[in-house]
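Novice: Would you mind keeping the following structure in view while I ask a few things?
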Amino acid sequence: MGSTLRRWHELLGAFATTIMFVDFLLGLWVHEHLTAIRLCLAVAALIMLLGWFFSRYQRVENLVHDVHYKFSQPDNWKVWEAAKHRYRYIGMSGKTLEPEFKRFVSLPHNGFRGCEVQLLLMFPDSLFVQQSLEHELGRRLTETEIATEVSDLRIRIEVTSRAYQQLAREGLKIEVRLYREYCRFWAHFVDDTRIYIAPLLRNTSGLEATVLQLKRGRHDNVLMQYYEDEFARLWESGTPVVLQELATCGSQKFDAYKV
């Protein structure tokens, strides 16, 4: 950042010095149309300043293509319809998406036919679940909440992950894994070309999160690379969901579930 600004300051300083020197020479040797010439020099300087100003916004757009302050269920459908080769998702339980996801994949010509689908959900460990709920609520959970809400969310993750993996038996190339930590964002990854990323802020529900749309663009997007690396890291160390073993594994024994 500092080197970029220093380079622009140096360029602007050199340009201003050149303009002043040219104006000085014109004042010595040219007297006719001097006002018009100076006006052209001023316009050239203004154009350069405007180019520098708007190029900053262009550089930002190369990282963040769009901002969605509200991401509704129809927006999820648009994301799924855009996926042609690979779709990846990372979230906590995936419960809010499950009904619409099942409706989408039930369509005879949905885009996931032949598309690789990878879903990452949080391993239903009591500590991870408690951390996620406390972060969302912005406070410590009471003993009663730990005994009820933490347990309910653990069961929800187990049931939902099993439901997603069940879709593999319906012809989808889908795989579900469980990551063993609390991840503070959820995201859609579409065809290695764009990401819809929602940072999970303290005291804010993930359903109300602002979503940043990142696109690959002509240049490499360092933000995209960071979140892709995070997904790859969590995926490689994640626990695959196996239906046969999950079917014999109750929610109270899920912490001991190994592959």
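Novice: For every other residue with a beta carbon closer than 14 angstrom to the beta carbon of L121, add +1 if it is Lys or Arg and -1 if Asp or Glu, then tell me the sum.
Specialist: For residues surrounding L121, the net value is +2.
Novice: What does the charge add up to near S237, with Lys and Arg as +1, Asp and Glu as -1, over the other residues with Cβ less than 12 Å from its Cβ?
Specialist: Neighbourhood net charge equals 0.
Novice: If each residue's Cβ is checked for other Cβ atoms within 10 Å, how do L201, L97, L107, L214 rank with the fewest at the top?
Specialist: In order of increasing Cβ crowding within 10 Å: L107, L201, L97, L214.
Novice: Report the full-extension gain for the segment D192 to T96: residue separation times 0.36 nm, less the Cα-Cα distance, to one decimal in nm.
Specialist: This chain segment gains 32.2 nm when fully extended.
Novice: Here is a further query. Provide the net charge surrounding L214, with neighbours chosen by a C-beta distance below 10 Å and charges set as Lys +1, Arg +1, Asp -1, Glu -1.
Specialist: Around L214, the charge tally is +1.
Novice: I would also like to ask the following. Extent of segment 86-180 along each principal axis, from alpha carbon coordinates, in Å, largest to smallest?
Specialist: 47, 21, 20
Novice: Averaged over all directions, how much area does the convex hull of the C-alpha atoms of segment 66-256 cover when projected, in nm²?
Specialist: The directionally averaged projection comes out at 10.9 nm².
Only the coordinates and a few stated rules stand behind these numbers; no lab work does. No experiment lies behind these values; they were computed from the predicted model shown. Note: ideal-geometry Cβ built from the backbone for every residue, glycine included; neighbour counts use all protein chains shown.
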